[in-house]
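A short worksheet on the structure shown next.
The values are calculated or read from the model by the stated rules, or taken from the named source; none is laboratory data. Bear in mind the structure is a predicted one, so any value in this text is a computation, not a measurement. Here the Cβ is made from the backbone with ideal geometry for all residues, glycine too, and neighbour counts use every protein chain on show. For the accessible areas, the whole protein counts, side chains as well, though only heavy atoms, and no ligand, DNA or RNA atoms are used. Shrake-Rupley method; radii C 1.70, N 1.55, O 1.52, S 1.80 Å.
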Amino acid sequence: MADDLPILAADIGSLNLRVGGTTGYVTGYAAVFSRSPQQPSEDSEHHVCEYAPYVDVQTTFAIERGVVTNWPVLEKLWMFPLYGACLGAELPLLIAENAFYPEAADMRAKCTEMLFTDPFDETPAVRFGDRSLFSMLAAGQTTGVVLDCGHGTTNIAPVVDGRVVTDACVRLNLAGIDITNFVMDAQRERGIVCGLEDVELAKKRHGYVAADYESEIRTAGDRVIDAILMDSRAHGTPASFCNDLFIRGPEVLFNPTLLGAAAQTTTSIQVAVYDAISKCQLEDRAALWSNIVLAGGTTQLRGFVGRLQSELTALAPSTCKVQVTLPEDAATSAWRGAKMAASSPGDAADWITREQWEEFGPSIFHR
């Protein structure tokens, strides 16, 4: 790999993709949109969009709950920034991943094979890095706990002296999509129908985490909020929402039993943090409790920091100080950290070149 080539940092999650570097930056939905069978069209092409279109379309995501479930869609997602947005198909790629996932090794190999195979004929090299380390790097820290709550998963990763304590990491299938689905189902039961994009926008605008859930839910009542939601294109969409749903929805992160049969875990995010720190060395725990770094768009909900601080303080040993920090633009922490890592000298051995892949194939990951 040529040392003078700029590097593209990439973070593709369950909902959004972010790819960029010194040559530019692209963000969009990590999905493709195609015509619905209810609206036949000669144009059957699938499109990647920077926003979810307000039309009757089929939406197909590449990643669900942090795991690639549709590789053809992932290929289209890679085509979007590298060729469609012309960021530089000939540039090396530094890719953020959840390295502690059991599926990570297999996904890493398949992704590498994809990026070294037609139509990606120009990719010179790829490298993978842990999302948690990138988020910690973006926060300017080397020791702490990264709580990354995005769209599909919440990942808790203790980091000590710049290294992830892999055995202590916790993954929860509990995140923003569970709030969205909870609100959509509750709206439907009350006779109010709205689309996924409407709920996502309303969640960001009206949703908040209650400091005292039982008290606030009693005073919220069933008032209906009539709102004009503004999407990324500045188009207004009228929508109605029950007021209390935007207290109940975010509460599922702290009390997943509210999801009922739909819950994929009974472990709340605060208990998951406690469990992760408890698995670490005793001498490291005080430093970990004192630096809980948030990442992921869902952590930007109003009231999230204060509620988590309160819950963790109740769980932590009395001798430990608890400090929860929300960095600016936490939704992009992993990508920003990857971009920082891309601009710093790294170990050349961490990179996999096209020539190495052609010679060794997937065995290159076991060198």
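For Ser34, are the conditions met, namely being open to solvent by 30 Å² or more (accessible area, probe 1.4 Å), at pLDDT below 85 and not in a helix (DSSP H, G or I)? Spell out how you get there, then give the answer.
Working: open to solvent by 30 Å² or more (accessible area, probe 1.4 Å): no; at pLDDT below 85: yes; not in a helix (DSSP H, G or I): yes.
No.
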Which is in contact (Cβ under 8 Å) with a residue 12 or more places away in the chain and closer than 30 Å to Arg285 by Cβ, of Pro158, Pro124, Pro81?
Pro158
Enumerate the strands (runs of 3 or more DSSP E) found wholly within segment 124-198, keeping only those where 3 or more residues are open to solvent by 20 Å² or more (accessible area, probe 1.4 Å) and at negative phi.
125-130
Determine the pairs where a residue that is within 18 Å of Leu253 (Cα to Cα), located within segment 190-211, has a partner that is aromatic (Phe, Trp, Tyr) and surrounded by 17 or more Cβ atoms within 10 Å (Cβ to Cβ) with Cβ atoms under 6 Å apart, the partner being 6 or more residues away or on another chain.
Ala202/Phe241; His206/Phe246; Gly207/Phe246; Val209/Phe304
Please go through (1) under 30 Å from Gln356 (Cβ atoms); (2) at pLDDT below 75; (3) part of a strand (DSSP E or B); (4) of a type outside the set (Lys, Arg) for Asp4 and return the number of the only condition it doesn't satisfy.
(3)
With criteria (1) part of a helix (DSSP H, G or I); (2) in contact with a Phe, Trp or Tyr (Cβ under 7 Å, 6 or more places away or on another chain), Lys321 comes up short on (1)
Within segment 282-301, considering residues that are touching a helix residue (DSSP H, G or I) at 6+ places or on another chain (Cβ under 9 Å) and open to solvent by 50 Å² or more (accessible area, probe 1.4 Å), the one farthest from Val160 (Cα to Cα)
Gln300
Please specify each residue of segment 76-133 satisfying the condition of being out of contact with any Cys (no Cβ under 7 Å at 6 or more places or on another chain) and of a type in the set (Phe, Trp, Tyr).
Trp78, Phe80, Tyr83, Tyr101, Phe116, Phe120, Phe128
Residues satisfying the stated conditions in segment 94-123, i.e. in contact with a Leu (Cβ under 6 Å, 6 or more places away or on another chain) and part of a helix (DSSP H, G or I)
none
Given the criteria open to solvent by less than 30 Å² (accessible area, probe 1.4 Å) and either part of a strand (DSSP E or B) or touching a Cys at 6+ places or on another chain (Cβ under 6 Å) (or both), does Val73 qualify?
no
Determine which member of the set Ala316, Ala276 is within 21 Å of the chain's Cα centre (by Cα) and either at positive phi or open to solvent by less than 20 Å² (accessible area, probe 1.4 Å) (or both).
Ala276
